Amino acid sequence: MRTSEVQNTNRDGAGDKSKDEAKERVRKLEAQIKAGLQEKKQREELERQRRETLEKKKNAAIENREFLELQLKKLDDIAKEQEAISPPPKGKLRIVGKVLIALLGAALLAGIAGFVFVFSIIKDAPAIDTANIKALLSENSVIYDDKGNVLDSVFFGSKRTNVMYASLPEDLKNAFIAVEDKTFREHKGFNVNRIFGALIEGIKSGDKISGTSTITQQLARNLYLMETRTEYSLHRKIIEAYYTVLLERDLTKEEILEAYLNRVYLGFGTSGVQAASQAYFAKDVEELTLSECAALAAIIQEPNAFSLIRTLPNASVSEDNENIL
């Protein structure tokens, strides 16, 4: 075979291979697009079912309210008829009975009104995709030189490098749970005993009620309610509780804790335990000692006040201060 014929044969073979590879890439791309459309369709269907369920509950609540109002009217009519037939033997007992009926009716109506109020807020709450939670944990970009050495990090707001749950030391997980939410592994998103304890303490002291949020509640607030997370409004609290229920329903405790520890702000411009570990101890989070884990967990209560490193203006720096590097 001549040289030109061999070259033509090679080119034809390479061309066929390129065409096959291109077809395979197109096939994969079409499969990805189809899967994405299917996932979008499923999310839309779930959202439609959720809204239908909430609408049915709202209608049922309205029907129950109308039924209760009708029953209360019947009771009142019966009481009037009995009073017309024969006077009550004891006036005080009659008054007590009417008061109890009025209180019961008021309590039932208040409960229905409360449900309708909560429903109206939840119905208009923006939908969230708990399965895509990691997409909300944006990381900083790292610049390397030609030898692979880190030159700098580029970030907006605060540094963050996400780590997997398996890379988090047990001491670190236990330290944050001990500080922020002792019953995290047992509760379903809310610590009822803690809430009632804070309510009683707030009533006694007259101070603002605080410190009742679980780790799941904090994650819901920091991920989905950033613009209003500092507000102490009933509207925000209801939406936060709703998102908390969704997180507990759709994610495991490990997934919730992983997202929380990658999201939490720990002072000195760091978000997440990996960025904080690098900033404060110049090591990866999986290399932290017990005391270093405890130090990071202690920061969370007041990140700016308890930050292990601070940047001070030159005028306040003294060479004699041993705490200043």
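None of the figures in this text is laboratory data; all of them are computed from the coordinates on show. A quick note: this is a predicted structure, and the numbers were derived from the prediction, not measured. A quick note on method: Cβ atoms are made from the backbone with ideal geometry, for glycine too, and the neighbour counts reach across all protein chains shown.
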By average Cβ neighbour count within 10 Å, what is the ranking of 27-35, 122-130 from highest down?
122-130, 27-35
Counting other Cβ atoms within 10 Å, which GluC sites (Glu not before Pro) in the stretch 249-325 have at most 12 and lie in a DSSP loop?
Glu319, Glu322
From the cross-link list Lys34/Lys58; Lys28/Lys253; Lys74/Lys123; Lys182/Lys237; Lys58/Lys237; Lys34/Lys134, which pairs have alpha carbons spaced over 25 Å apart?
Lys34/Lys58; Lys28/Lys253; Lys74/Lys123
Among 218-226, 48-56, what's the highest-first ranking by average C-beta atoms within 10 angstrom per residue?
218-226, 48-56
